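Engineer: Quick one: this structure, given as structure tokens, is what I'll be asking you about.
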Amino acid sequence: MNNTFNINRFGKILKHDGLNFFPNIILALAIIWAIPVIVFLFTSLMPSDETTQLYDPFSRIDIISTLSTIVLIIAPARLYKTCNDPRKGIVYAMLPASTLEKFLSMVFYCVIVTPIIYIVGALAIDTILALLNGPYEGFAVSYYFDTFAKINAVFERDNITIDESWILYYKSLSPTFMIVLSALGTLTISSIFMFGNMIFKRHKTGKMIGILIIMFIIFMIVLINYAVHTEVLTHNIEDKAEFVKYTIFLIMNAIFYAEIIVSALMLFGVYRKIKTQKY
Amino acid sequence: MIKINNLDFAYNNTQVFKNISLEFQKGNIYGLLGENGVGKTTLLKIICGLQKPQNGSVSVDGFTPSKRLPEFLQNVFLLPEEVITEDTTPERFIQKIGVFYPRYDFALFNQLMGELEVDLSKKFNELSHGQKKKAWLACALSLQTDYLFLDEPTNGLDIPSKALFRQVISQHCSDESTIIISTHQVKDVENLIDPIVILDRDDVLLNASFAEITEKIYFEYGPERLQNAYYTEMLPGGYINVMPNTEHEESNVNIEALFNAVMKNKETIKNLMK
């Protein structure tokens with residue numbers, strides 16, 4: 001018997017986790033799906049005049065994206081909240097599947113299935129609401145997967161003219177890279193909270209958010225100190241357009257590599273915790 | 001077979017086991033006894049791979065439990081003392097996990113639920129404590145694993161349920177399976193367990209079958225307290241004296257008296273049983 005990976009056993013663990021999926025997360029998803037509906041109803045019920053706010057599809061895409069991040073954050077603790085519990089976790093730990101199979105199943109449901117179900121549901125709800133005669137103009141689904149159209153539209157909407165070169169820079173990126181970057185972002189957020197779910201026994205999401213806030217504050221203090229000491233902010237930059245473009249290039253690359261490193265570390269941590277968790 | 005060699009285990013700074021060695025043979029229902037806090041539950045968890053020993057080795061049919069390999073896990077099941085409350089019916093639960101176990105038998109599960117008189121339609125969290133325990137027992141037995149570990153299985157069971165418990169365990173235990181029952185309630189499992197393992201802090205005081213015990217220890221029921229007894233206890237109508245079996249007489253083991261005798265004469269009885 002292959003004790004590392006067996007496709008039949010993997011199918012069984014996928015089915016096992018799948019049977020737990022909806023009962024554990026459907027309420028949370030329903031609440032998050034309800035937010036745009038509440039906004040729609042609230043706006044529709046207000047007396048209308050020229051100042052009544054209309055929500056364009058790009059604003060709604062922003063909301064759906066933000067809410068999908070929340071879904072990613074809460075998913076591990078909703079789906080696998082008991083897996084490291086000293087009492088309730090015993091059943092999970094003793095399920096005859098390998099660590100790799102349990103890990104892959106966890107990644108599959110937290111990183112892939114949950115966000116897809118949320119986004120499909122959210123776009124379906126948005127489409128239904130947009131079909132009604134209300135404050136939702138256009139269809140979010142038409143632009144959701146077209147990153148460049150979304151960026152251009154946001155720039156046009158907000159009248160962003162600081163420098164065209166970085167729009168050009170964005171445009172120079174391949175769609176594949178943008179998809180990879182987006183997928184990597186999803187993986188990073190999810191893996192961080194999957195790891196938090198494995199190391200904390202209670203208030204898993206809250207504790208992980210707390211740690212991230214502390215790390216962010218420390219990072220910002222270090223960064224500001226660095227900027228002040230190296231006088232990078234006070235330099236007279238001759239070609240500001242080039243500076244902005246270069247900075248964005250640096251940030252994009254830094255985020256890209258940081259996401260790869262953080263995801264890899266977090267996922268390795270999750271795997272190790274599944275393998276060695278004591279009960 | 002379960003082999004434990006020179007096992008050391010501690011929770012942070014609290015030593016639980018120090019250099020203990022022990023064997024559990026196949027085809028028996030072991031009674032694992034010991035005072036509170038000696039590590040009975042911890043020992044079961046180590047054998048199941050839920051805890052890892054600091055030193056020494058544990059082997060179950062050649063597998064190292066702490067590696068939690070699927071081939072090992074499909075042959076063991078632990079029923080913890082505090083039953084886990086799932087928000088599902090026992091039937092759905094067993095269908096969900098049963099597929100992982102090669103000898104799982106759904107018909108046997110239904111039969112056991114009937115024998116143990118558990119309501120099939122209710123969810124775990126709608127059942128009483130005793131009903132939950134019985135439902136979990138039905139789940140555990142229907143998986144038909146080679147090794148079944150029961151931690152205080154009769155806690156919370158009423159008197160008829162204890163009788164049912166003994167009945168189903170003895171009926172559904174095969175020559176190939178090993179059951180280890182960790183308990184304080186020795187009377188509940190008196191006619192069920194054989195051999196007996198008595199754990200002490202840092203030591204195994206006894207690991208012997210009833211035949212081995214009665215060969216060396218005599219349980220005398222009489223009107224008076226005997227001077228050479230390891231342990232004497234007053235019973236209605238007389239005394240039970242636990243004493244060396246110098247005359248090689250046959251007697252019936254009284255587990256409670258045996259346990260007390262072992263606890264009061266640790267080294268003597270340990271050396272006697274070697």
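Engineer: Scan A:Phe21, A:Phe10, A:Phe5, A:Phe40 and give me the residue that is under 27 Å from A:Met94 (Cβ atoms), away from chain B (no Cβ under 11 Å) and either part of a helix (DSSP H, G or I) or more than 22 Å from the chain's Cα centre (by Cα) (or both). Outline the logic, then answer.
Structural biologist: On the way: A:Phe10 fails: away from chain B (no Cβ under 11 Å); A:Phe5 fails: away from chain B (no Cβ under 11 Å); A:Phe40 fails: under 27 Å from A:Met94 (Cβ atoms).
Every option except A:Phe21 fails the conditions.
Engineer: Within the range B:45-84, which residues are assigned to a loop (DSSP other than H, G, I, E, B), β-branched (Val, Ile, Thr), closer than 30 Å to B:Lys132 by Cβ and more than 8 Å from every other protein chain (Cβ to nearest Cβ)?
Structural biologist: Here is the first cut: in the range B:45-84, the ones assigned to a loop (DSSP other than H, G, I, E, B) are B:49-54, B:61-62, B:64, B:68-69, B:74-75, B:80-84.
Next, only the ones that are β-branched (Val, Ile, Thr) stay: B:64, B:83-84.
With closer than 30 Å to B:Lys132 by Cβ added as a condition, the list becomes B:83-84.
Selection gives B:Val83 alone.
Engineer: Scan the range B:92-108 for residues that are crowded, with 19+ Cβ neighbours inside 10 Å and outside any loop (DSSP other than H, G, I, E, B) and jot them down.
Structural biologist: B:Phe93, B:Ile94, B:Lys96, B:Ile97
Engineer: Here are some conditions: (1) surrounded by fewer than 16 Cβ atoms within 10 Å (Cβ to Cβ); (2) touching a helix residue (DSSP H, G or I) at 6+ places or on another chain (Cβ under 8 Å); (3) more than 30 Å from B:Gly56 (Cβ to Cβ). B:Gln227 meets all but one. Which one does it not meet?
Structural biologist: Only one criterion is unmet by B:Gln227, namely (2).
Engineer: Restricting the range B:31-44 to residues that are closer than 23 Å to A:Lys88 by Cβ and of a type in the set (A, V, I, L, M), which is farthest from the other protein chains (Cβ to nearest Cβ)?
Structural biologist: B:Leu43
Engineer: Looking at the range A:76-95 only, could you name the residues that are within 13 Å of chain B (Cβ to nearest Cβ) and of a type in the set (A, V, I, L, M)?
Structural biologist: A:Ile90, A:Val91, A:Ala93, A:Met94, A:Leu95
Engineer: Sticking with this structure for a sec: Which one of these is hydrophobic (A, V, I, L, M, F, W, C) and either on the phi > 0 side of the Ramachandran plot or surrounded by fewer than 20 Cβ atoms within 10 Å (Cβ to Cβ) (or both): B:Val242, B:Val186?
Structural biologist: Just a single option satisfies the conditions, and that option is B:Val186.
Engineer: Name every residue in the range A:181-206 that is surrounded by 15 or more Cβ atoms within 10 Å (Cβ to Cβ) and more than 13 Å from the chain's Cα centre (by Cα), in order of residue number.
Structural biologist: A:Phe195, A:Gly196, A:Asn197, A:Met198, A:Ile199, A:Phe200, A:Lys204, A:Thr205, listed by residue number.
Engineer: Based on this model, can you work out whether B:Asn207 counts as within 20 Å of B:Phe24 (Cα to Cα), in contact with an Asp or Glu (Cβ under 8 Å, 6 or more places away or on another chain) and part of a strand (DSSP E or B)?
Structural biologist: Yes; evaluated as a whole, the condition is true for this residue.
Engineer: Oh, and also: Tell me whether the range B:32-43 contains one or more residues that are in contact with a strand residue (DSSP E or B) (Cβ under 9 Å, 6 or more places away or on another chain), within 13 Å of B:Tyr147 (Cα to Cα) and either touching a residue at least 40 places away in the same chain (Cβ under 8 Å) or buried (at least 19 other Cβ atoms within 10 Å of the Cβ) (or both). Even if it seems obvious, please write down each step before you answer.
Structural biologist: The first filter runs over the range B:32-43 and keeps only residues in contact with a strand residue (DSSP E or B) (Cβ under 9 Å, 6 or more places away or on another chain), leaving B:32-35, B:37-43.
Those left that are additionally within 13 Å of B:Tyr147 (Cα to Cα): none.
No, because not a single residue in the range B:32-43 is in contact with a strand residue (DSSP E or B) (Cβ under 9 Å, 6 or more places away or on another chain), within 13 Å of B:Tyr147 (Cα to Cα) and either touching a residue at least 40 places away in the same chain (Cβ under 8 Å) or buried (at least 19 other Cβ atoms within 10 Å of the Cβ) (or both).
Engineer: Here's another thing I want to ask about it. Taking the stated definitions as given, is B:Asn28 without any contact (Cβ under 8 Å) to a residue 40 or more places away in the chain and away from chain A (no Cβ under 14 Å)?
Structural biologist: Judged against the criteria, B:Asn28 is not a match.
Engineer: Could I ask something else about it? Could you tell me which numbered condition B:Ile4 fails, if it satisfies all but one of (1) away from chain A (no Cβ under 14 Å); (2) surrounded by 22 or more Cβ atoms within 10 Å (Cβ to Cβ); (3) among the β-branched types (Val, Ile, Thr)?
Structural biologist: Going through (1) away from chain A (no Cβ under 14 Å); (2) surrounded by 22 or more Cβ atoms within 10 Å (Cβ to Cβ); (3) among the β-branched types (Val, Ile, Thr) one by one, B:Ile4 breaks only (2).
Engineer: For A:Asn6, state whether it is among the polar types (S, T, N, Q), touching a Pro at 6+ places or on another chain (Cβ under 9 Å) and closer than 30 Å to B:Gln51 by Cα.
Structural biologist: Against the criterion (among the polar types (S, T, N, Q), touching a Pro at 6+ places or on another chain (Cβ under 9 Å) and closer than 30 Å to B:Gln51 by Cα), A:Asn6 qualifies.
Engineer: On to the next question. State yes or no: is B:Lys96 over 30 Å from B:Leu7 (Cβ atoms), basic (Lys, Arg) and in contact (Cβ under 8 Å) with a residue 24 or more places away in the chain?
Structural biologist: In short, no.
Taken together, the values in this text are just the output of simple stated rules run on the coordinates, not laboratory data. The model shown is predicted, which means the values in this text are computed figures rather than measured ones. When we count neighbours, we look across all protein chains shown, and the Cβ atoms used for this are built from the backbone with ideal geometry, even at glycine.
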